[in-house]
Structures are given as C-alpha cells and as structure tokens.
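Trainee: The structure's right below; bear with me while I get my questions together.
Just so it is clear, none of the values below were taken in a lab; they were calculated from the coordinates. Keep in mind it's a predicted model, so treat the numbers as computed, not measured. So basically every Cβ, Gly included, is an ideal-geometry build from the backbone, and we count neighbours across all protein chains shown.
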Amino acid sequence: MDELKGIVLCEFCEASIMGKPVDNLLNSLMSLLNSESSSGESCDLCGGLFSRELGNMLRKALIKLEGVELSSVKAGVSLPAILIEREDRIRANHNPPAMRSLKVTLTRLLDGAMSSLTGIKISQEPDAILIFDFERGDVELELAPVFIFGRYRKLQRGISQSRRKCPECRGRGCEACGWKGKIPQGSVEGIIGEVMSEFFSAEDYVLHGAGREDVDVRMLGEGRPFVMELVSPKRRSVDLREMESEINRRAAGLIEVKNLEFSTREKIRILKGRSPNVKKLYRALVEVEGGVDERELELLKRLEGAVIRQRTPKRVLWRRADITRLKRVYEINFKRIDDKKFELFVLCDGGLYVKELISGDDGRTSPSITEILGKKSFCSELDVLEVMVE
C-alpha cells in the first residue's frame, strides 16, 4: 500500500481500492450483522460509514424480504456524493492499479451475503432489487412486475376496458379508492385485475390490450388478447387455472378470460399495435335513413380491398391526435334484416374505426357506407368477433 501511504482505510474501502476479493469481507459483514451496534472503523474514505451501517442495513433488507416469494434477487447501492468525490480523488491522485469502485465492491458483498443468508439466487434479471441507500441509511425493495397473457371476452355492453378515475379524488388517490386513484367497478381491467392482484398479492395492476372496444361494444369470439401487469407482487407461484376459474366465477355473465399464461413485457409491445399484422372482424347492426334494399347493399362490395382514409373521429379527438390514418378493408358481408336495417360483417385492419366507416363522420372517413349508399347510415350495435394478431 505504499502508493496510499498516509491514507487510513477500513477493510471495506481497502478491499475496493486495492481490488481485494470480496469473499474475504463476508465474515466481517456477518459479524456486523450479529452485533447490536458499531461505532464505526476509522476511515478517510467512508468516515466509518460502512462498518457502522452495513450490519443495520443488511438487517433491514432481510426484514423487507419477509413474506415475499422470490426466486432471484439483486443488490443495488446508492452512495452519498461526498464518498464518490473522495473515491474519484484517490483514483486521480494515486491511481491504484487494481482499484474497483465502491459501488461494485458493496454490490458484490451484499449479493453474496443475501444469497448466503436466504438461499435466494442472485440474477441480473431478478424478481426483486434491494436498493441500499447509504445517504438515508435505509433499504428499498423494488419488486419486478409479473405479466400474465390471455384473452378476455366482454359479454355485456356498458363495460369500459380501463378503470375510471376515482370521482372523489380525481385520480390523486384517497381512502375511497384504496389510494389507487381509480375505481375497479364496471371495467374489464378492474374485474380481472382485482382477482389477479389478490392471487399475486400485488399493489396494483395495469391492463394492456391489443386495441380496445368502446364501452357499448361487446368483445366476443375467441376474445381480445391482453397482458395484465401485476405491480409489486409479493407472490409469484400462482396456479393460473385456479385463478382463471375464480375470475370467471366472480365475473359470470360480464367477463370471461381464457388461456392465461405467464408472459413478458415484450408481449405488450406486440399487443399495442406496433405489429402491422393485426386484423379484426366486426359485426354491426346498421340503420339507414330512408331505407335500403338488396340492390343497394350490393354496392357495399366496393369496400372489399379498399383503403380507407380516416381522420381521427370527432368523438375521440379529446384523447387522440387529429391525423389521417390509412386502413384496409379485406372482406364485407351483409344480411338485410328489414327495410331500414341490415347486419354488417367487416374484416379490416386493426385501428379502423368501424362506427365511422358506417357513418362517414361528416366526410372525415372515406369511402364510407353513408357515402356509397348516398343515405345517412349509423351503427346502432357493434360487436368485435375476432382479434387476429399474427
């Protein structure tokens, strides 16, 4: 240590500056863990912080892990700025050849201690990260989310896809909404998410769907693909078939889920429509002012293969940018019901607003059924029959 002559270091900082094996520090850390208190070893780098606080913080970390189901964990370290400055000064003035950063040394040490004490493996993609904050002398547990993929069917109209803001606190969080800022009742997200969060002991949840249907639209057929993100789950080993059955039991007649499986965040990217190969099949009940006959309905075949120019519908301008989208219609079929009504089946690109394909939205969607028939037409009932993600 001639190059560091005159500098007093605790064994933790010395191991970092000199690049000594971290394993040699484990016994010292265990001694600190088992001692009631420590006045701190004299050190020009950390000021005795590590020998004074490491044992306390490791105890806090172990308490944080109680009651949490994990298969992997990782330590993270946050240091006071003054320690980083001192470390940089030593590096600049002395340039020890084997020097490691304090963060690397402490992270490796704490990883080894947690693995030894709990039997939980250390991973670069862990179920949880323990942040050891030496500035505040505290430890934070960050639990990685769990992602569940499946399909849902919405059997009744009047159910939104997402939870609504709590009317009491307007989304800020209050006692009425369980401090979440949202109310679960009357939404696909809430009906499914409340059960899932119980099974996983999660703090919250977010539904990511392959598109969305309006409140007054049913989602039938094989259902809409979705991923439920469970936030800060304390359980991870859940029987998905049991959970699926419980969701369907509680939501009987409203919502059904099927084919639940564990998934990843990458699945969300696919479902959010960034894939160009999403097609949807719709069934609509169309009413025509002035009536419609079979000959006129045949004119609708012009829509097959057509590219629809669609400006953002007026009804969603409050939440969508006013742009023009190009979407293709692949198949059109229809069945006349009476003089003024017919049933319409449309296979089209995901993202096409079918209500406006029917009404024309005052010319914002073209071609449209209103435009082709030359008569005002509107959708009185709409169902999504299939969502196909390739």
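Trainee: Going by how many other beta carbons lie within 10 Å of each one, how would you line up Arg164, Arg224, Arg241, fewest first?
Mentor: So the residues, fewest neighbours to most, are Arg241, Arg164, Arg224.
Trainee: Under a Cβ-only charge scheme (Lys and Arg +1, Asp and Glu -1), can you give me the dipole magnitude of region 278-389 about the Cα centre, in debye to the nearest 20?
Mentor: I would put it at about 580 debye.
Trainee: Now a separate question. Counting only other residues whose beta carbon sits under 11 Å from that of Ile183, what net charge do I get with K and R as +1, D and E as -1?
Mentor: Combined, the nearby Lys, Arg, Asp and Glu give +2.
Trainee: Counting only helical runs of four or more DSSP H residues, what would the 222 nm mean residue ellipticity of the chain come to if each run contributes -39,500 (n - 2.57) and the total is spread over all its residues?
Mentor: On the way: 11 runs with 110 residues, N = 390.
Helix contribution divided over all residues of the chain: -8500 deg cm²/dmol.
Trainee: Further, regarding this structure: With a sphere of radius 10 Å drawn around the Cβ of Thr370, what net charge do the other residues whose Cβ falls strictly inside it have (Lys, Arg +1; Asp, Glu -1)? Could you put the intermediate results ahead of the total?
Mentor: Numbers: positive: Lys375, Lys376; negative: Glu289, Glu356, Asp361, Asp362, Glu371.
So the environment of Thr370 carries a net charge of -3.
Trainee: Another question about this same structure. Compare Glu266, Glu343, Glu198 in a GNM of the chain, Cα atoms joined below 10 Å, and give the one with the largest fluctuation.
Mentor: Glu266
Trainee: In addition: So in the chain, what percent of DSSP beta bridges are antiparallel if you round to the nearest 5?
Mentor: 85
Trainee: For Arg136, what charge total do you get from the other residues with a beta carbon under 12 Å from its beta carbon, if Lys and Arg give +1 and Asp and Glu give -1?
Mentor: Net charge around Arg136: -4.
Trainee: Separate question: When the chain is modelled as a GNM with alpha-carbon springs shorter than 10 Å, which of Asn248, Asn24, Asn93 fluctuates the most?
Mentor: Asn93
Trainee: Can you list the lysines whose alpha carbon sits under 18 Å from that of Lys267, skipping same-chain ones fewer than 8 residues off?
Mentor: Straight-distance partners of Lys267: Lys258, Lys279.
Trainee: Please compute the contact order of region 157-233 in relative form: average sequence separation of alpha-carbon pairs under 8 Å and at least six residues apart, divided by the residue count, as a percent.
Mentor: 31
Trainee: For Cα pairs less than 8 Å apart in space and 6+ apart in sequence, what is the mean separation divided by the residue count of the chain, i.e. the relative contact order in percent?
Mentor: 14
Trainee: Give the order of Glu66, Glu287, Glu304 when sorted by the count of other beta carbons within 10 angstrom, beginning with the fewest.
Mentor: Working: Glu66 6, Glu287 18, Glu304 14.
Placing the least packed residue first, the sequence is Glu66, Glu304, Glu287.
Trainee: I've got another one for you. Among Gly351, Gly193, Gly137, whose mean-square fluctuation peaks in a Gaussian network model of the chain (Cα, cutoff 10 Å)?
Mentor: Taking springs between Cα atoms under 10 Å, the residue moving most is Gly137.
Trainee: Using the alpha-carbon centroid of each, what span in Å lies between region 59-105 and region 213-273?
Mentor: That distance is 39 Å.
Trainee: I want the antiparallel fraction of DSSP beta bridges within region 2-142, as a percent rounded to 5.
Mentor: 40
Trainee: Continuing with the same structure: Which values, in whole Å and largest first, are the semi-axes of the equivalent ellipsoid of region 2-142 obtained as the square root of 5 times each eigenvalue of the Cα gyration tensor?
Mentor: Listed largest to smallest, the semi-axes of region 2-142 are 26, 16, 13 Å.
Trainee: Ignoring solvent entirely, what values of log10 I(q)/I(0) come out of the Debye formula for region 120-224 at 0.14, 0.16, 0.18 Å⁻¹ when each Cα is a single scatterer?
Mentor: The calculated log intensity ratios at q = 0.14, 0.16, 0.18 Å⁻¹ are -0.72, -0.86, -0.98.
Trainee: Determine the percent antiparallel among the DSSP beta bridges restricted to region 146-274, to the nearest 5.
Mentor: Of those bridges, close to 95 percent are antiparallel.
Trainee: Among Phe262, Phe200, which comes first, then next, by fewest other beta-carbon atoms within 10 Å?
Mentor: Placing the least packed residue first, the sequence is Phe262, Phe200.
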